[in-house]
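Chemist: The structure under discussion is supplied below as structure tokens; questions concerning it will follow.
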Amino acid sequence: MKSPTIARQLEIEGVVQGVGFRPFLFVLAKTHHLKGEVYNSTDGVRGIVEGTLENIENFTKDIFHKQPLLASVKKVHATDHPLQHFSEFKIVISTDTHGKHTLISPDVSICSDCLIEMQDPSDRRFEYPFINCTNCGPRFTIIEDIPYDRPTTSMKNFIMCDQCQKEYDNPMDRRFHAQPNACPDCGPRVFLMDNIGKEIDLETKETICTAAKYLNQGKILGTKGLGGFHIACDAANMDAVKRLREKKSRPHKPFALMAKSIDAISAYVHVSDQEKQLLESYHRPIVLLKKRKTDTTDIKELTVDIAPLNTCLGVMLPYTPLHYLLLEKGPAILVMTSGNRPGDPLSIENHDALNSFSHIADYFLLHNRDIYFRADDSILKVQADKTRFIRRSRGYAPLPITLKKKLPKKILGCGAGLKNTICLGRNKDIFLSQHIGNLETIASDNYFQTSIAHLKQIFDIQPDIIAHDLHPGYMSTAYAMAQPKIKKVAVQHHHAHAVACMAENSIDENVIAITLDGTGYGTDGHIWGGEILLCTQKGFKRKAHLSYLPMPGGDHAVIEPWRMAASILHAAFGKDFLDLDIAYIKQMKKQKLAVIYQMIQKQLNSPLTSSAGRIFDAIASLLCIRHKISYESQAAMELEAVATIEENEPDETYDFKITSTEDTDEETNEDRLFEMDLIPGIPQIVTDLKKDEPISKISLKFHHTLVALFVDTVVKISEETGIQKIVLSGGVFNNDIIFKQMIEKLEVQGFMVFTHTQVPTGDGGICLGQVVVAAAQERS
């Protein structure tokens, strides 16, 4: 007997818009002999299917098993529906429903199919720099609102020609409802300008060839990309690189590279299979790759000048058609650095780019497709055999982190003051923004606020609670405090670090957290950064910290590590440090050091810090590696870079001391606070310097010492508490030596160690922790 025909309504949630999902369902329905309809909604994708129960169930299973590459189906909800006796399966116009719960796809790199067409002289899109389909191209950066349809994107001003419209309307076509679909006849165009804003009269086909020619000649080119502007030059042209450094006032900070292929960069860096896979993924992040050691002059110059005193080069492969064409016709490796005013967000508008860095670029390669929302390149590295985020942005944002437990209310996390990201939480989803950056200028503060407004709009989340950093001076804190009639939760910086790691590892119990970074406002009013906390998602207790050191000059001590070197020497030797016979003292003016001594003695503008970051600065300056920095964490990165790791060499350490105090009058172990003191090792470092020990050896020994100090203290805390789960968080864990050795030494002691893989270990992950802390407190 023939099976009866039934009807089911399907509600599909996840990343299901702008990824070829409806044509996928169209083909799948025909395969399973189903009729009905499907459409985009603000909740995701909805549809009605009619057929036999067996065919509908097989169809539903295949939605999960055969979904498109860029899709991410989270849920398929099926309910009975009255039969409507459809004559076919069709795709109908999108509808609005109450609330917006769909997920937004990030921008993705050009796919292999489009790349083949772009390189085919017989194809109508030959060398068209905006070629795309449902499997590739811009998404998040061109979306104004949802549903994700052309009228709500920056493509709304480009009317499709007949051929493009036929592709767009054909469910069997790869470009069916590809919102950025276009061709040379109807789509965006590129054009070239000089640095005074005069357009160079060229045929469209000549524009990119001319831009590539300028790069070959050593010119500097401002280029409009997917999520903002880059400033580009030939990476192998040392004069061009030097000129770019001078004009951008960037004397040391590493430049990112964009290489035509992995082969083009393989002479300069090591590329593992895991790193190759990451480079070639459709996310196309910048990947930090270890430099090769070589005496070849041209290779040595590139690796040194692009990233001086750094062990890695940051490399990405081209991700837009425009990038592929530039690299095909121009240099095989380009410097690709951010196009912006110092301290401001990326430029995304043509006129702003010309105003911001026409003094740097010789020419501008522009286009007329608007960028609605900027997105910096993501930065990742493979560390301890896992992929780790340094910066989570283009290619990943605004995909959510999914929690184990549902949030009690909608919550906004405002992030930190540096490397800021924000997030909005609803149900189990935490939607993280793209990288916003350091909140230190009016423009960056505006970007921060518009990012919040944009995420609120596209996800239709009006928060019930705002979580923010404890620091009263952060712009993000000021924003939170200025919001009327909404509950606010202040979250201590290092607690947020720890809970971010707990959340992405689905841990909701007591842990011991090691949090190491440069700056975080402590509950005692001092600057923390070398902490061991007993943590739950709801709260924390500080169990250990690095000994406090004065920061003579306050924030000036962050920019000038020599001040921290003076502070640590004063802690070890008192006033006698001024007469030490070491290179550091000789390189400093004694009068200047005497002033620092007086500031410390009189406690003038010398706030106390337990920051591990400031200790790294102090040792870097003491070893005469770096006395003044030109970019954040420079001294610490260079201290790591000089450390030479020898195989099978014992982990020598300098002396350290662990003491304890009592937080209360009661003699209980639970109230013991440990102080971790590195000062006993400073005279030994001075002795090594006097003996002309290699700074590579001293640096490595210092790294070993810091690890040993924290591991020994964790053992003591674990003996008191019985806790065996350890989480690691904070920017210092971007240091490979510290990170790998901390994990190894803790695991040898029998601890279970949890680390970050979904958000950055630095301040870019803070907002996630803030939301989870606020949620835990709301539940109690």
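Chemist: For segment 1-45 and segment 489-561, what is the centre-to-centre distance using only Cα atoms, to the nearest Å?
Modeler: 49 Å
Chemist: For Asp362, enumerate residues with amide H under 5 Å from its amide H, sequence gap 5+ or separate chain, H modeled in the peptide plane.
Modeler: When sequence neighbours closer than 5 places are left aside, the close amide H contacts are Ile220, Leu221, Gly222.
Chemist: Another question, then. With all protein chains present and a 1.4 Å probe, how do Asp677, Asp524 order by accessible area, largest first?
Modeler: Largest to smallest exposure gives the sequence Asp524, Asp677.
Chemist: Give a residue-ordered list of calculated ³J(HN,Hα) values for segment 353-366 (Karplus: 6.51 cos²θ - 1.76 cosθ + 1.60, θ = phi - 60°; whole Hz; x for Gly, Pro).
Modeler: Ordered by residue, 3J(HN,Hα) equals 5, 4, 6, 7, 9, 5, 6, 9, 7, 7, 9, 10, 9, 10 Hz.
Chemist: May I ask for the distance between the Cα centers of segment 438-456 and segment 345-390, given as a whole number of Å?
Modeler: So the separation of the two Cα centres works out to 16 Å.
Chemist: Turning to a different aspect of this structure: For Cα pairs less than 8 Å apart in space and 6+ apart in sequence, what is the mean separation divided by the residue count of segment 362-512, i.e. the relative contact order in percent?
Modeler: Relative contact order here is 19 percent.
Chemist: Tell me, in nm to one decimal, what length is gained between Ile93 and Ser630 on full extension, where the rule is 0.36 nm per residue of separation less the Cα-Cα distance?
Modeler: 187.9 nm
Chemist: Restricting to the chain, compute how many DSSP beta bridges are antiparallel as a %, nearest 5.
Modeler: 75 percent
Chemist: Over the chain, what is the relative contact order in whole percent, taking alpha-carbon pairs under 8 Å and six or more residues apart?
Modeler: 11 percent.
Chemist: Something else now. On the full set of protein chains, 1.4 Å probe, figure out the accessible area of Val73 and give it in Å² to the nearest 10.
Modeler: Result for Val73: roughly 20 Å² accessible.
Chemist: Classify the chain as rounded, prolate or oblate, taking a ≥ b ≥ c as the square roots of the eigenvalues of its Cα gyration tensor: rounded when a/c is under 1.5, otherwise prolate if a/b is larger than b/c and oblate if not.
Modeler: oblate
Chemist: I've got another one for you. Exactly which trypsin sites (Lys or Arg not before Pro) in segment 189-246 are in a DSSP loop and have at most 16 other Cβ atoms within 10 Å?
Modeler: Arg189, Lys198
Chemist: Within segment 589-628, name every residue whose backbone N is under 16 Å away from a label modeled 7 Å from Cα of Asp579 along the Cβ vector.
Modeler: Only 590-591, 594 fall inside the zone, counting backbone N under 16 Å.
Chemist: List the Cys residues of the chain that have no partner Cys with a C-beta closer than 4.7 Å.
Modeler: Cys114, Cys133, Cys164, Cys183, Cys209, Cys233, Cys312, Cys414, Cys501, Cys535, Cys624
Chemist: Can you list the lysines whose alpha carbon sits under 18 Å from that of Lys410, skipping same-chain ones fewer than 8 residues off?
Modeler: By straight Cα distance, Lys410 reaches Lys100, Lys428, Lys456, Lys485, Lys487, Lys488, Lys538.
Chemist: With a 1.4 Å probe and every protein chain left in place, work out the accessible area per residue of the chain in Å², rounded to a whole number.
Modeler: 40 Å²
Chemist: Enumerate the calculated ³J(HN,Hα) couplings along segment 638-644 in order (Karplus 6.51 cos²θ - 1.76 cosθ + 1.60, θ = phi - 60°), each rounded to whole Hz, writing x wherever the residue is Gly or Pro.
Modeler: Ordered by residue, 3J(HN,Hα) equals 6, 5, 5, 5, 7, 5, 9 Hz.
Chemist: Still on this structure, please answer the following. Taking all protein chains as present, what is the carbon and sulfur share of the accessible area of segment 272-381, in % to the nearest whole number, probe 1.4 Å?
Modeler: Whole-percent figure for carbon plus sulfur exposure: 48.
Chemist: Can you give me the % of accessible surface on segment 212-253 that is carbon or sulfur? Probe 1.4 Å, all protein chains present, nothing else counted.
Modeler: Accessible surface attributable to carbon and sulfur in segment 212-253 totals 43 percent.
Chemist: Checking the table Lys253/Lys740; Lys386/Lys409; Lys406/Lys541; Lys575/Lys740; Lys260/Lys290; Lys419/Lys590 against a 27 Å threshold on Cα-Cα, which pairs fail?
Modeler: With Cα atoms farther than 27 Å apart: Lys386/Lys409; Lys575/Lys740; Lys419/Lys590.
Chemist: On full extension of the chain, what length is gained from Lys61 through Ile559, given 0.36 nm per residue of separation minus the C-alpha to C-alpha distance?
Modeler: In short, 173.5 nm is gained.
Chemist: As a quick test, which of the pairs Lys74/Lys405; Lys213/Lys276; Lys586/Lys628 have an alpha carbon distance above 18 angstrom in this structure?
Modeler: From Lys74/Lys405; Lys213/Lys276; Lys586/Lys628, over 18 Å: Lys213/Lys276.
Chemist: Moving on to the next point. Just check segment 430-491 against the gyration tensor rule for me: Cα atoms, a ≥ b ≥ c as the square roots of the eigenvalues, rounded for a/c under 1.5, and otherwise prolate or oblate depending on whether a/b exceeds b/c.
Modeler: oblate
Chemist: Another question about this same structure. Could you derive backbone 3J(HN,Hα) for segment 499-505 from the dihedral phi with the Karplus parameters 6.51, -1.76 and 1.60 (θ = phi - 60°), listing whole Hz in sequence and x where the residue is Gly or Pro?
Modeler: Running phi through 6.51 cos²θ - 1.76 cosθ + 1.60 with θ = phi - 60° gives 6, 4, 5, 4, 5, 6, 9 Hz.
Chemist: Which GluC sites (Glu not before Pro) does segment 189-264 hold that lie in a coil by DSSP with at most 14 other beta carbons within 10 Å?
Modeler: Sites meeting the loop and neighbour criteria: Glu203.
Chemist: Non-local amide H neighbours of Gly14 (under 5 Å, H modeled in plane, Pro and chain starts lacking H): which ones?
Modeler: Residues meeting the criterion, in which the H sits 1.01 Å from N, are Lys74, Leu103.
Chemist: With r as the distance between the Cβ atoms of Glu440 and Glu349 and R0 = 22 Å, compute the FRET efficiency 1/(1 + (r/R0)^6) and round to 0.05.
Modeler: According to the calculation, E is roughly 0.55.
Chemist: Please list, by residue number, everything in segment 359-393 whose backbone N is under 16 Å from a paramagnetic label point 7 Å out along Cα→Cβ of Gln217.
Modeler: Backbone N within reach: 361-365.
Chemist: Starting from the amide H of Gly417, placed 1.01 Å from N in the peptide plane, find each other amide H under 5 Å away whose residue is 5 or more places distant or on another chain.
Modeler: Sorted by chain and number, the residues that satisfy this come to none at all.
Chemist: Could you please state, rounded to a whole Å, how far the C-alpha centre of segment 694-715 is from the C-alpha centre of segment 732-780?
Modeler: Comparing the Cα centres of segment 694-715 and segment 732-780, I get a distance of 20 Å.
The values are calculated or read from the model by the stated rules, or taken from the named source; none is laboratory data. Remember, predicted model here, so these are calculated numbers, not experimental data. Every residue, glycine among them, receives a Cβ derived from its backbone with ideal geometry; neighbour counts consider all protein chains shown. Side chains are part of the model used for accessible areas, which takes the heavy atoms of the whole protein and leaves out ligands, DNA and RNA. Shrake-Rupley method; radii C 1.70, N 1.55, O 1.52, S 1.80 Å.
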